[in-house]
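Nothing in this text is a laboratory measurement; each read-out follows from the coordinates by a stated rule. Note that this is a predicted model, so its numbers are computed, not measured. Here the Cβ positions follow ideal geometry from the backbone for every residue, glycine too, while neighbour counts run over all protein chains shown.
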Amino acid sequence: MEKTHHSHYLEYRTLFSIFLLLLMFTGITVGVSYIDLGVFNVWISLLIASVKGSLVLLFFMHMKYEGRALIFSFLGTIFFLFIMISFTFWDVSFR
Amino acid sequence: MASHPDESGKKLGMWLFLYTEIILFGGLFVLYAVYFSRYFGDFKESGKTLNRLIGLMNTVILLFSSFAVAAAVTAIQKKEKKIALTGLATATLCGLIFLVNKYFEWGHKIEAGIYPNSEKLVSGPHGQNMFFGLYYVITGLHGVHIIIGMTLLIISLVFVLEGKVTSERFALLENSGLYWHLVDLIWIFIFPLFYLII
């Protein structure tokens, strides 16, 4: 009976700190874009975007506190996304 | 025996849908990546013509709206209806401001003769044509998602107001929130790819 609705939620303060972190990373990614690092700019901005995305996913979307079904199905999706990206580049680079 | 609403089942269903959205935008990002590696120079030049300030503003607006929705989901569970309503209204307003910014941004580009199949793009460098083609498709599709997300937020707001979404039963609000966060998540990747290329 107790499991029909779980009531785990994050406090406003926690959510607001996540928002501030996201702002900080946005500032960093804009700042870094003014420094010319060649190809590394792309990788750094993608890395920062992934960190920001993970914050949104884990806290705002509550994934950190979900059960196995959601965690593994999400990782499965990312795995297939990875296959799509890597196989496409495998094809394009060796044509 | 009374049937219990299957809250976790509803959430799983929403996530399954979100996975298809991730693959949809993932596919477009792959397309972007392939042409980026092929026309590196043209993409660099074209990215510089986008207004970074508007891009940054829209990023902050979406991040804040995501926070507002997350706060609304917390509020409904704490039975703080007023905060939940404020959060949802704020997020919807943020979505509207985002779209107004986008309207001016697109309008400015269209005025400059940069739109799909325009004379300037067709006769210009091929990489530039690809960049703006992808720009319009990806930000356009994202804009459609903003409109759908705003609709879901407004429906949730009305249901909270009418007491149909409560601390016992809030799957609609939670799932609308998940959708809104995904739209934010996609923008987090769009912003550096289009606006911040050196």
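Count, for each residue of A:45-57, the Cβ atoms from other chains sitting within 10 Å of its Cβ, then give me the mean as a whole number.
Details: counts 8, 5, 1, 3, 9, 2, 1, 8, 5, 2, 3, 10, 3.
Rounded to a whole number, the mean comes out at 5.
Between B:Thr49 and A:Ile71, what FRET efficiency comes out of the Förster formula 1/(1 + (r/R0)^6) with R0 = 35 Å and r the beta carbon distance, rounded to 0.05?
Between A:Ile71 and B:Thr49 the formula returns 0.25.
Under 8 Å for C-alpha pairs, at least 6 residues apart: give me the relative contact order for chain A, rounded to a whole percent. Don't skip to the answer; put the middle values down first.
Details: 22 pairs, mean separation 21.0, N = 95.
Relative contact order for chain A comes out at 22 percent.
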About its Cα centre, what dipole magnitude does the stretch B:23-84 give when the only charges are +1 on Lys and Arg Cβ and -1 on Asp and Glu Cβ, stated in debye to the nearest 20? 320
Just need the relative contact order of chain B here, percent rounded to a whole number, with Cα pairs under 8 Å and 6+ apart. 34
Taking a ≥ b ≥ c as the square roots of the Cα gyration tensor eigenvalues, with a/c under 1.5 meaning rounded and otherwise prolate when a/b beats b/c or oblate if not, the protein assembly as shown comes out prolate
Signed unit charges on C-beta, dipole axis of chain B, positive-most listed residue B:Val122, B:Ala91, B:Leu12: B:Ala91
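Sorted by packing (mean other beta-carbon atoms within 10 Å per residue), highest first, where do B:81-87, B:68-74, B:34-40 land?
Working: B:81-87: 18.9, B:68-74: 26.3, B:34-40: 16.9.
The densest-packed peptide leads the list: B:68-74, B:81-87, B:34-40.
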Given the rule -39500 (n - 2.57) for each run of at least 4 DSSP H residues, summed and divided by the residues of chain B, what is its mean residue ellipticity at 222 nm, to the nearest 500 deg cm²/dmol? -28000 deg cm²/dmol
Using the Cα centre as the reference, give the magnitude of the dipole from point charges on the C-beta atoms of the stretch B:59-193 (Lys, Arg: +1; Asp, Glu: -1; all else neutral), rounded to the nearest 20 debye. 300
Just to be sure I understand the rule: take each whole DSSP H helix in chain B, project its Cα atoms onto its long axis, keep it if the span is 27 Å or more and its mean Kyte-Doolittle hydropathy is at least 1.6. Which ones pass? B:52-77
Spatially proximal lysines relative to B:Lys44 (Cα-Cα < 18 Å; intrachain offsets below 8 disregarded): B:Lys109, B:Lys120
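In nm, what is the difference between 0.36 nm times the number of residues separating A:Phe16 and A:Thr88 and their Cα-Cα distance? Write down the numbers at each step before the final one.
Working: separation 72, 0.36 × 72 = 25.92 nm, distance 3.88 nm.
Difference between extended and current length: 22.0 nm.
For a quick check: sort A:Trp43, B:Trp15 by the number of other beta carbons within 10 angstrom, fewest at the front.
The most exposed by this proxy come first: A:Trp43, B:Trp15.
Give me the dipole magnitude in Debye, nearest 20, for the protein assembly as shown about the Cα centre, with unit charges on the beta carbon: positive for Lys and Arg, negative for Asp and Glu.
Dipole size: approximately 260 debye.
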Just to be sure I understand the curve: with the Debye formula and one point per C-alpha of chain B, what is log10 I(q)/I(0) at q = 0.12 Å⁻¹? -0.65
Can you tell me the FRET efficiency between B:Ile147 and B:Thr20 if r is taken as the Cβ-Cβ distance and R0 is 22 Å, rounded to the nearest 0.05? 0.75
Going by how many other Cβ atoms sit within 10 Å of their own, how do B:Asp42, A:Asp91, B:Asp184 line up, fewest first? A:Asp91, B:Asp42, B:Asp184
Averaged over residues of A:60-68, the number of beta carbons from other chains lying within 10 Å of each residue's Cβ is 5
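Across the residues of B:66-75, average count of Cβ atoms on other protein chains within 10 Å?
On the way: counts 8, 11, 2, 2, 13, 8, 0, 6, 6, 2.
Per-residue shielding by partner chains comes out at 6.
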Ranked by how many other beta carbons lie within 10 Å on average, peptides A:17-29, A:60-72 from highest: A:17-29, A:60-72
